[in-house]
Amino acid sequence: MYPFREGSFAVRNGWYVAAFRNELGRDLLARTILNQPVVLYRKEDGEAVAVGGRCPHRHFPLGKSCLKGDAIVCGYHGIAFGADGQCVDIPSQDVVPRAYKIPTYPLVEHGLWAWIWMGDADKADVALLPDLEEIGVTAAGMTARPFYVQEVQGRYQLLNDNLLDLSHLAFLHASSIGTVENAQAPEELVKRPGFLSCRRYIRNADAPAVMAASGRYAGKIDRVTGMDFYLPGFHAGIGDMAYPQDHPEHPGETIVTSRVYHAVTPATPGSCIYFFAMASEDVEGMDFMFDYLRPVLDEDKFATEEIEKMLAIIGENPDELLIKTDRNAVEGRRMLQAMMDAERREAAEAA
Amino acid sequence: MYPFREGSFAVRNGWYVAAFRNELGRDLLARTILNQPVVLYRKEDGEAVAVGGRCPHRHFPLGKSCLKGDAIVCGYHGIAFGADGQCVDIPSQDVVPRAYKIPTYPLVEHGLWAWIWMGDADKADVALLPDLEEIGVTAAGMTARPFYVQEVQGRYQLLNDNLLDLSHLAFLHASSIGTVENAQAPEELVKRPGFLSCRRYIRNADAPAVMAASGRYAGKIDRVTGMDFYLPGFHAGIGDMAYPQDHPEHPGETIVTSRVYHAVTPATPGSCIYFFAMASEDVEGMDFMFDYLRPVLDEDKFATEEIEKMLAIIGENPDELLIKTDRNAVEGRRMLQAMMDAERREAAEAA
Amino acid sequence: MYPFREGSFAVRNGWYVAAFRNELGRDLLARTILNQPVVLYRKEDGEAVAVGGRCPHRHFPLGKSCLKGDAIVCGYHGIAFGADGQCVDIPSQDVVPRAYKIPTYPLVEHGLWAWIWMGDADKADVALLPDLEEIGVTAAGMTARPFYVQEVQGRYQLLNDNLLDLSHLAFLHASSIGTVENAQAPEELVKRPGFLSCRRYIRNADAPAVMAASGRYAGKIDRVTGMDFYLPGFHAGIGDMAYPQDHPEHPGETIVTSRVYHAVTPATPGSCIYFFAMASEDVEGMDFMFDYLRPVLDEDKFATEEIEKMLAIIGENPDELLIKTDRNAVEGRRMLQAMMDAERREAAEAA
């Protein structure tokens, strides 16, 4: 499906964010991920687990059921499944067949997030997770905090496209975090397997509105913006601002260093789950940013949902006129498509 | 469609409940039954009738029109149809062609219900209706009363499946009418053409919560629960409770005898109409039950609608792991499928 | 699609009303017309223009963007398009390719309306627009005024069918503008290419309720009703009332002369835009009519939407029993189908 080949929905073998870690507890959390119902919870010993969200008996949603110890007891006929997916009780009979079970999914707590692997479990490799030091979550002096989770009524790639082309800051977010230089400054790209990075180095430009709004600084700044895409669904953004080199008092000194984290997880073909988090050296400033960025992120949600509606009218294969700043987004799409193609080939060979 | 073969929707030749009799009067009642628009009303002489709900001229809903004598006058261009379906007036012309008519459907008032036959009218046989004495509506000392009608946003068979497997009382209705014995007691089945019956005989078990809530009794009881399925869409349930045989004062005496009636009528492929009624020896107790059972029935509606949503995500052919208590539901599905297959063969032969 | 042949949606080469002229200004107006997103606005010099409503870069709705001078600046990445459709700015690069553009559509202000031509621009001929004198907009003594615009959730032809068969006044609008004679009086039709006209001459009949409601007259009247269909989507209606020839004081004198204008513009396959306007010699009376006719037009909207819902249940090819007064509607459908067939043939030959 657009912007991928017909029949290509999403990469299966990869880590997706299923939840913020602090969302997980003894209440069942139901999510649809890669078009599969999933239930997330913590066992009594605190371990976070993910299992299939459908009772195989009558398809009742296990996410609308309840926990008894470490087992989910289906709210319909009381069939119970352990955290290993194995059925542990069928109330109406004495024997529980070995084959009676639900899927389980590798789930890893790493940084602020619980990461799920919806594909072949034997390929789930924690070495493929983003390095926490690299993305700044555990970097010295930085404090990271989950901000928002929301369901977006648009296909996930529209949001990935958004994050892979930060020139949109100059317009969609012109009143808050962007300036015209976000579109105009040249962009440097770095690519390695499963990773795609872009940077813009902006010199002596007006500070974006957020700087004045937060009472920090209203003059000219040097700025580094960029986004590191850890395929298939995680983006770590960088937003560093410094006094310009010719500033009379603080030449080149850092004003603020922050990291933003966008995780985009495919839900259904027409919707996704969007997780936003932030890390900063300025812990107090985070409360301000929590309120300030909410409408900014809503602009991205708005754009995504409006485009989904547009596709519903004009169909799945719209003409598309690419421009130079699309290099990064196009590369991201290509890499995802290549991963999907490889998965399809493997599945065909295995069959 | 699930859980039937692809292309199989519902049995056509059979009596379905179209309405409670007390719903019918001189106001037009519009229902969608077996994916056909239907209008129900009483003629001036009180006779209840059912006709097609679409004006064949411009497809305006006759259910949104009005009655003039025994005829429905279409609200759009005034074309009028008698209770026999025959057009009786086309205001813009003098002659009414014989061929100008709408369908009529056999409709029989029987017990609390008005039963409709959507298939071949010449096969409509009142002998196929449930025997009122047998189901307890007219049994000595019993009073029957219609309770609720509601549209359920789920395919009808999900609700039939629900009613054919009463082990769900032990979980979905654990806080009201069920106890664990509803799942654990052995089930006895009886099958004859067009009829499927199940019974559980529970001895010396805790009374369900409803007994204490209604101020009747809170100790151990003997209990008979069961459901008689009169195919294709009517279930008569039995819920008798008695003091246990070893009760010091009333050994084996009846506490309460009641019958419940669930009619499930296919509306569209993804929705059905659900009629619930009750009969009891305890007339005063019925008011209490009317309020008490409403949220209980909502649990069944909830389960049905949640499963319909689940099927929308995972598709029409979900893996299904059956258990022993599914015997009755599976038998019910088989009998319905066999009826649909026979109808299809007959239609093919006739063509 | 019904009531046209499968695959036939709507005539492309023809003038449709895109907006009332007074809707157009310096705010972007987004409409879906013939299943295409369109944006309408006035240039700084006042000229009204229509361009495609989708940014070809990422499909963001240009109707949710903003104007800068005569150019629309996409709200997502700031790409700007002039009123001639040509891209005038891509903020992230210096060069704008010639091929970077959006569609433009001929748009003509004529009477109360802005008319759009969605088909081949070289065929857009203003001579095909309705003659303003003929339809009464510029006739001596007449004042014309736009009344309502609304989106109707039904396919456009249901509304055309409605307007091509005024016998519905006798029933759908029995409480306001119709009397039984609207169905019973004989109808005279006139047909010429692209034009279809019907008239009913009603003599010595009760005045419709609107006459008493507006305090004009409550006795018998002579009345001329009719509708002129300017294909593919404009209807000019006539509603003249006079004292009967045998009136003691004012024999044959005109009571009121008015024209009504219904424009029906296909939006999506299941929805249309409905523009209603009026012209009258009685300017003060127009305020009354503005309020009075709103619920009357809602009856047409209701009928259209109910029929669309009916089609959703019963499918695209419903049996249809035509009557004599359908002559005009059937002729209108035939003429539209013939225009669509001709367009398809031309397209096939061109390919």
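Computed over chain C with a Gaussian network model linking Cα atoms closer than 10 Å, the most mobile of C:Ser214, C:Ser197, C:Ser176 is C:Ser214. Tally Lys/Arg at +1 and Asp/Glu at -1 over every other residue whose Cβ is under 11 Å from the Cβ of C:Asp84; what's the total? Result for the neighbourhood of C:Asp84: +1. As a ratio to 2.2 N^0.38 Å, the alpha-carbon radius of gyration computed for the range B:41-123 takes the value 1.11. Counts of other chain beta carbons within 10 angstrom of each beta carbon in peptide A:174-186 average 2. What separates the Cα centres of the range B:274-303 and the range B:166-225 is a distance of 15 Å.
Seen from A:Gly53, the other residues with C-beta closer than 13 Å to its C-beta sum to a net charge of +3, counting Lys and Arg as +1 and Asp and Glu as -1. Measure out, as a whole number of angstrom, how far apart the alpha-carbon centroids of the range C:80-118 and the range A:245-260 sit. Centre-to-centre (Cα) distance: 43 Å. Given the options C:Leu40, C:Leu297, C:Leu158, which has the most mean-square fluctuation in a GNM of chain C, springs set between C-alpha atoms less than 10 angstrom apart? For chain C, modelled as a Gaussian network with Cα springs under 10 Å, the answer is C:Leu297. Based on the Kirkwood approach, the hydrodynamic radius assigned to the range A:1-89 is 14.0 Å, with every pair of different Cα atoms included.
Relative to the dominant Cα principal axis of chain B, helix B:327-350 is inclined by about 20°.
Sorted shortest first, the separations between the A:Pro295 label point and its copies elsewhere in the assembly read 4.1, 4.1 nm; each point sits 7 Å from Cα along the Cα-to-Cβ line. When the Cα gyration tensor is reduced to axis lengths a ≥ b ≥ c, the ratio a/c is 1.5 or higher for the protein assembly as shown, and with a/b not above b/c it is classed as oblate.
Build a GNM of chain C with springs between Cα atoms under 10 Å apart, and of C:Ala18, C:Ala139, C:Ala83 the one that fluctuates most is C:Ala139.
Need one word for the range B:103-178: rounded, prolate or oblate. Basis is the Cα gyration tensor (sqrt eigenvalues a ≥ b ≥ c); a/c below 1.5 gives rounded, then a/b vs b/c decides. Cα axes put the range B:103-178 in the oblate bin. Nearest-to-axis residue in chain B, judged by Cβ distance to the rotation axis that brings B onto C and given in whole Å, is B:Ala312, 10.
When Cβ neighbours within 10 Å are restricted to other protein chains, what is their mean count per residue of peptide C:60-73? Write out the running numbers ahead of the final one.
Numbers: counts 9, 6, 0, 1, 4, 1, 1, 0, 0, 0, 0, 0, 0, 1.
Taking all residues of C:60-73 together, the mean is 2.
Computed across chain A, the Kirkwood hydrodynamic radius from all distinct Cα-Cα pairs reaches 21.8 Å. Taking a Cβ cut-off of under 13 Å around A:Tyr243, the surrounding Lys, Arg, Asp and Glu residues balance to a net charge of -1, with basic ones at +1 and acidic ones at -1.
Do any of A:Lys101/A:Lys309; C:Lys43/C:Lys123; A:Lys64/C:Lys309; C:Lys64/C:Lys191 go past 31 Å between their Cα atoms, and which?
A:Lys101/A:Lys309; A:Lys64/C:Lys309; C:Lys64/C:Lys191
The same position A:Asp206 in the other copies lies at 7.0, 7.0 nm from this copy, comparing label points 7 Å beyond Cα toward the beta-carbon, shortest first.
Shown for B:Glu284: label points 7 Å from Cα along the beta-carbon vector, and their distances to the equivalent points in the other copies, 7.1, 7.1 nm in ascending order. I want to make sure I understand the PRE zone here: with the label point 7 angstrom from the Cα of B:Phe290 toward its beta carbon, which residues in the range B:132-168 have backbone N atoms less than 16 Å away? Under cut-off, by backbone N: B:143-150.
Please label the shape of the range B:236-351 as rounded, prolate or oblate, based on the square roots a ≥ b ≥ c of the eigenvalues of the alpha-carbon gyration tensor (a/c under 1.5 means rounded; beyond that, a/b larger than b/c means prolate, else oblate).
Numbers: a/c = 2.11, a/b = 1.93, b/c = 1.10.
Judged from the Cα gyration tensor, the range B:236-351 comes out prolate (a/c at least 1.5, a/b above b/c).
Inter-chain neighbour count for A:49-55: the average number of beta-carbon atoms from partner chains within 10 Å of each residue's beta-carbon is 2.
Paramagnetic label reach from A:Arg334 (point 7 Å along Cα→Cβ; backbone nitrogen cut-off under 16 Å): within the range A:193-235, residues A:193-198.
Laboratory data are not the source of any read-out in this text; all were calculated from the coordinates shown. Only a predicted model underlies this, so the values are computations on that prediction, with no experimental measurement involved. Using ideal geometry, Cβ is built from the backbone for each residue, glycine included, and neighbour counts are taken over all protein chains shown.
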